[in-house]
Amino acid sequence: MRQSQLFTKTRKEIPSDETSKNAELLIRAGFIHKEQAGVYSILPLGLMVVSKIKQIVSEEMKSVGSTELLMSSLQSKELWEKTDRWNDEKVDVWFKSQLKNGTEVGFGWSHEEPITSLMTYHVKSYNDLPVYVHQFQNKLRNEVRAKAGIMRCREFIMKDMYSYSTNEEEHMNFYNKTIEAYKKVFERVGLGGNTFVTSASGGVFTDKFSHEFQTICDAGEDNIYVHKDGKLALNEEVFNDKTLADLNVEKSDFEMKKAAEVGNIFTFGTKKCEELGLYFNDSDGEKKGVFLGSYGIGITRLMGVLAEVFSDDKGLSWPKEVSPFHVHLVRLGVNGTTVSFADKVYDDLKSNGFTVLYDDRDLRAGEKFADSDLIGIPVRFVISDKTVAEEKIEVKKRKESESEVVSLDVALKNL
């Protein structure tokens, strides 16, 4: 993409009511636009990052056998009343409205109920199980106070996956596979080294056990306790004498850290399926309830955490796996020879399978470099009259202070 054709512009100012680092940087760099408190539009650069994250998540969910679908955001009151989760006192994040005929509806904050109801049409026998499905969808949650930028919104993109199994053993096999798949997701997006699997209660989702995936982050809303070995971490709510004794560890060996939840998984048992009429006949013809599991990753929330973790005083610094482009090609000057050389490098990069943001604008070098640092593409190629005279390219990595002038062949090795 030529930067002159990118309609979004970088900004020096930010909304006066925006206090979170992730939203400030993403707004200034042109990745998102703030519509109102807790509501953001995703702009082209942001959509590229979201698409990269979704692709990684999709690959790992498919690796454990899940099939993608897409459910409606409109929710049936009657369906959620069956599980006692329509009541605002039980679930306080509903957005609700009425159809013109007076029918009351809700807007999806989660999908256990409708997907389980859907499964009653497709699961009758043990031969129909297990079933694993996932979707990427906008969720709507009526947060009392939206905060932390895109890390806690009233509307956000979420990957939610659901598993339906014949028994607890089959369920737990998939549950544990999903833990490993989630670890791979966070490793691939660049957060593996500081993301921990922690035990937690189920909250409004389930009274059964659950696990959270917590990334060390100063802007996080949770407190976790990390063991000195760097392998074990505990949620604040389970960090007590009994848990420590069960694990045979000492309290003094843990350090409290701020963390942001980037994923969660829940076990529902058979209760919800039974409430919604989802049963199957086993090999003996006996009617049994189906085991349900639910697995979530906030896609846009994850982008916010990445912006918090991978940034500095100059701007964003994306890991290459989720960066909107492989390289930021910055042309300095409008000399015909320099323009031709830069255009050729742009075409060569594309023909070699690299995605490129080509800054072909007629701006001062300082402005271009400041924008490049703010946008945060991991590698910058600079072409100027001086480098063209040597038939070379100046290569600058976002995380490094020094640059080097090399041939195109050598430059490509930096990507």
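Bear in mind these aren't lab numbers, they're just calculated from the coordinates by the rules spelled out. All of these numbers come straight from a predicted model, not from anything done at the bench. With ideal geometry, Cβ positions are generated from the backbone for all residues, glycine too; neighbour counts draw on all protein chains shown.
Grab the DSSP H runs of the chain that are 4 residues or longer, score each as -39,500 (n - 2.57), total them, divide by all residues and round the 222 nm result to the nearest 500 deg cm²/dmol.
Details: 12 runs with 122 residues, N = 415.
That comes out to -8500 deg cm²/dmol.
Once you list every other residue whose beta carbon is under 10 Å from the beta carbon of residue 249, what net charge do they have if Lys and Arg are +1 and Asp and Glu are -1?
Result for the local shell: -2.
If you take the beta carbon distance between residue 184 and residue 232 as r and set R0 to 25 Å, what does 1/(1 + (r/R0)^6) give as a FRET efficiency, to the nearest 0.05?
Details: r = 20 Å, r/R0 = 0.78.
So the FRET efficiency works out to roughly 0.80.
For the chain, what is the convex hull (Cα atoms) projected area averaged across all directions, in square nanometres?
Working: hull surface 98.7 nm².
Its average projected convex-hull area is 24.7 nm².
Normalising by the residue count of the range 27-105, find the relative contact order in percent from Cα pairs under 8 Å and 6+ residues apart.
Computed over the range 27-105, the figure is 15 percent.
Could you tally the net charge around residue 414, taking each other residue with its Cβ under 14 Å from the Cβ of residue 414, Lys/Arg +1 and Asp/Glu -1?
+3
Loop-only chymotrypsin sites (Phe, Trp or Tyr not before Pro) in the range 1-66, please: DSSP not H, G, I, E or B, and at most 11 other Cβ atoms within 10 Å.
Listed in order of number, the matching sites are 7.
Relative contact order (percent) for the range 290-415, with alpha-carbon contacts under 8 angstrom and 6 or more residues of separation?
Details: 182 pairs, mean separation 33.0, N = 126.
Normalised by residue count, the contact order of the range 290-415 is 26 percent.
Take every Cα-Cα pair in the range 259-348 and report what % of them are more than 21 Å apart.
64
Mind listing the long-range amide H neighbours of residue 263? Cut-off is under 5 Å, sequence gap 5 or more, other chains count too, H placed in the peptide plane at 1.01 Å from N.
Under 5 Å from the amide H of residue 263 lie the amide H atoms of 213, each far enough along the sequence or on another chain.
Given the peptides 274-287, 153-166, arrange them by the average over their residues of other C-beta atoms within 10 Å, most packed first.
Details: 274-287: 13.9, 153-166: 22.6.
Going from most to least packed, we get 153-166, 274-287.
Apply the Debye scattering formula to the range 320-409, with a single equal point scatterer on each alpha-carbon and no solvent, then give log10 I(q)/I(0) at q = 0.14, 0.26 Å⁻¹.
Evaluating at q = 0.14, 0.26 Å⁻¹ gives log10 I(q)/I(0) of -0.44, -1.58.
Once label points are set 7 Å from the Cα along Cα→Cβ at both residue 313 and residue 9, what is their separation, rounded to one decimal in nm?
2.7
Roughly speaking, what is the centre-to-centre gap between the range 153-183 and the range 343-389 when only Cα atoms are used, to the nearest Å?
Answer, in whole Å: 41.
Take the Cα atoms of the range 1-82, find their three principal axes, and give me the spread along each one in whole Å, biggest first.
50, 33, 23
Using a Förster radius of 45 Å, what is the FRET efficiency between residue 367 and residue 407 based on their Cβ-Cβ separation? Nearest 0.05, please.
The calculated FRET efficiency here is 0.95.
Restricting to Cα pairs below 8 Å that are 6+ residues apart, what does the relative contact order work out to for the chain? Please round to a whole percent. Please report the intermediate quantities before stating the final value.
Details: 801 pairs, mean separation 68.8, N = 415.
Taking the mean separation of contacting Cα pairs over the length of the chain, I get 17 percent.
With axes computed from alpha carbons, what is the tilt in degrees of helix 168-188 against the longest principal axis of the chain, rounded to the nearest 10 within 0 to 90?
That helix lies at roughly 10 degrees to the long axis.
Where Lys and Arg each count +1 and Asp and Glu each count -1, what net charge lies around residue 319 among other residues with Cβ under 12 Å from its Cβ?
Residues near residue 319 contribute +3 overall.
Could you sort 10-21, 126-137, 372-383 so that the peptide with the highest average Cβ count within 10 Å comes first and the rest follow in order?
372-383, 126-137, 10-21
Given the options 150, 66, 93, identify the residue whose Cα lies farthest towards the positive end of the charge dipole of the chain (+1 on Cβ of Lys, Arg; -1 on Cβ of Asp, Glu).
Projecting each Cα onto the dipole axis, the largest value belongs to 150.
Hey, what angle do you get for helix 336-351 against the long axis of the chain, alpha-carbon based, 0 to 90 degrees rounded to 10?
Taking Cα atoms only, the helix is inclined about 30 degrees.
Helix 365-375 against the longest principal axis of the chain: what's the angle in degrees, Cα atoms only, rounded to the nearest 10?
The angle comes out near 10 degrees.
Rank by packing, highest mean first: peptides 310-316, 119-125, with packing defined as the count of other Cβ atoms within 10 Å averaged across residues.
In decreasing order of mean packing, 310-316, 119-125 become 310-316, 119-125.
May I ask you to compute the full-extension gain from residue 169 to residue 385, defined as 0.36 nm times their residue separation minus their alpha-carbon distance, rounded to one decimal in nm?
That works out to 71.1 nm of additional length.
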